[in-house]
Amino acid sequence: MKAPHLLIILLLAITCAAIAAPAPSLFADRIARNVGDIITIEIVENSVASASARTNTKSEYDAKVSAGGTGALDFIPLLGADGSTKSEHKGDGRTSRQGSLRATLTAKVVEVLPNGNMRIEGEKNLIINGERQVTVLKGIIRPEDVSPQNIVSSDMIADAEITFKGKGILANTERPGFFARLLNWLF
C-alpha cells in the first residue's frame with residue numbers, strides 16, 4: 001500500500017470515530033432536559049406549625065312532675081318527682097413543632113412531561129459515626145427554574161416529597177419504647 005492510501009484510510013477511521021462518539025461541545029450547556037440527566041437540588045426547608053384548641057361546654061336540664069287528685073278524686077295520693085342534671089366539660093390543648101433541613105442532593109430526571117416539566121427522583125445515603133441518614137426527594141420541576149449551573153432550589157419543586165430518616169443507635173434512643181407507645185395508643 002502506498003502512503004497516500006494509508007493516510008486516507010487513517011483519516012476515514014478518525015472521522016468515523018469522531019462521528020460515533022462526539023466530543024462535548026464547548027458551547028453546549030449541561031442543563032438537565034432529558035430522561036436520565038442529572039440535576040442538583042439544594043434543599044432548604046424550614047417549617048413551623050402550631051395549633052391550639054379550647055373547649056368549654058355546659059348543659060343543664062330540670063324536670064318536675066306531680067300528680068294528685070282533686071275534688072271527688074281526693075283519695076288519690078299526691079305523687080311528685082323532681083330531677084335535674086348538669087354537665088360541664090373544659091379542655092385545653094396546644095401543640096407546636098419546628099423543623100429545618102438543609103442539604104444538597106443530586107437527582108435524576110425520570111420523566112419529561114408533555115409540557116416540558118420534568119419528574120425528578122433522588123436518594124442520598126450517608127453514614128456518619130455508624131448512623132445512617134437517608135434523604136429521599138421526588139417532585140416535578142420546570143425547565144426555567146433550573147439555574148445555568150444546573151441547580152434547582154427545593155422550594156421550586158412541585159408535588160415535592162422530601163423524606164429525611166435516620167437509623168442507628170441515636171435514632172433508636174429517641175424513639176419511645178414499646179410500653180410507652182402502647183400506653184399512648186390506649187390513652
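The values are calculated or read from the model by the stated rules, or taken from the named source; none is laboratory data. These numbers come from a predicted model, not from an experiment. A quick note on method: Cβ atoms are made from the backbone with ideal geometry, for glycine too, and the neighbour counts reach across all protein chains shown.
Overview of values
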item	result
Residue in the range 51-61 that is within 28 Å of Asp155 (Cβ to Cβ), among the hydroxyl-bearing types (Ser, Thr, Tyr) and modelled with pLDDT of 75 or more present	no
Close pairs from the range 34-62: first among the hydroxyl-bearing types (Ser, Thr, Tyr), partner modelled with pLDDT of 75 or more and surrounded by 10 or more Cβ atoms within 10 Å (Cβ to Cβ), Cβ under 7 Å, at least 6 apart	Thr40/Thr104; Thr40/Thr106; Thr40/Asn150; Thr40/Ile151
Count of residues meeting criterion [within 15 Å of Asn34 (Cα to Cα), surrounded by fewer than 16 Cβ atoms within 10 Å (Cβ to Cβ) and among the hydrophobic types (A, V, I, L, M, F, W, C)] in the range 98-139	2
Candidate set: the range 129-181, residues that are modelled with pLDDT of 85 or more and in a helix (DSSP H, G or I); chosen: the one nearest to Val112 (Cα to Cα)	Pro143
